[in-house]
Amino acid sequence: MIERNYRCRLGEIDIIGLDGSTRVFFEVKYRKSDAFGQPYEAVGYRKQRVICRTADHYRMTRSLPVDMPCRFDIISIRGDSIEWYKNAFEYIY
């Protein structure tokens, strides 16, 4: 883990970490039960786009190389169950 709760005017990224040489941007979603669906289902197209824009801002302000590999993961927490969706979505322009 490199950073938690990165915020800028574009949005927020819950966790930023490294997996080898790949920068990973995590979205964490929690639900107490299935009453409102699975937690990962709350990360729709709009939210994905906000995460991508915020990741761009992060990379720019940290002067990270444009060709540095990055990935977007979702941590889904439901009650006591935790699921990690690696490469949950692709970069959205």
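The values are calculated or read from the model by the stated rules, or taken from the named source; none is laboratory data. Keep in mind it's a predicted model, so treat the numbers as computed, not measured. Neighbour counts run over all protein chains shown; Cβ positions are idealised from the backbone, glycine included.
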Could you tell me whether Gly11 is modelled with pLDDT of 95 or more, within 14 Å of the chain's Cα centre (by Cα), on the phi > 0 side of the Ramachandran plot and surrounded by 12 or more Cβ atoms within 10 Å (Cβ to Cβ)?
yes
Within segment 27-50, of all residues that are closer than 21 Å to Lys86 by Cβ and among the basic types (Lys, Arg), the one modelled with the lowest pLDDT is Arg31
Looking across segment 1-26 at residues that are of a type in the set (A, V, I, L, M) and in a strand (DSSP E or B), the single one that is farthest from Lys86 (Cα to Cα) is Ile13
Restricting segment 51-66 to residues that are touching a strand residue (DSSP E or B) at 6+ places or on another chain (Cβ under 8 Å) and under 20 Å from Asn87 (Cβ atoms), the one surrounded by the most Cβ atoms within 10 Å (Cβ to Cβ) turns out to be Ile51
For segment 28-43, indicate whether the set of residues that are in contact (Cβ under 8 Å) with a residue 12 or more places away in the chain, in a strand (DSSP E or B) and within 13 Å of the chain's Cα centre (by Cα) is non-empty.
yes
Being under 20 Å from Glu3 (Cα atoms) and either of a type in the set (S, T, N, Q) or in a helix (DSSP H, G or I) (or both) narrows Arg46, Arg71, Arg59 down to just Arg59
Checked against (1) of a type outside the set (A, V, I, L, M, F, W, C); (2) surrounded by 10 or more Cβ atoms within 10 Å (Cβ to Cβ); (3) in contact with a Lys or Arg (Cβ under 8 Å, 6 or more places away or on another chain), Glu83 satisfies every condition except (3)
- Might you let me know whether segment 72-80 holds any residue that is without any contact (Cβ under 8 Å) to a residue 60 or more places away in the chain, among the acidic types (Asp, Glu) and loosely packed, with under 12 Cβ neighbours inside 10 Å? yes
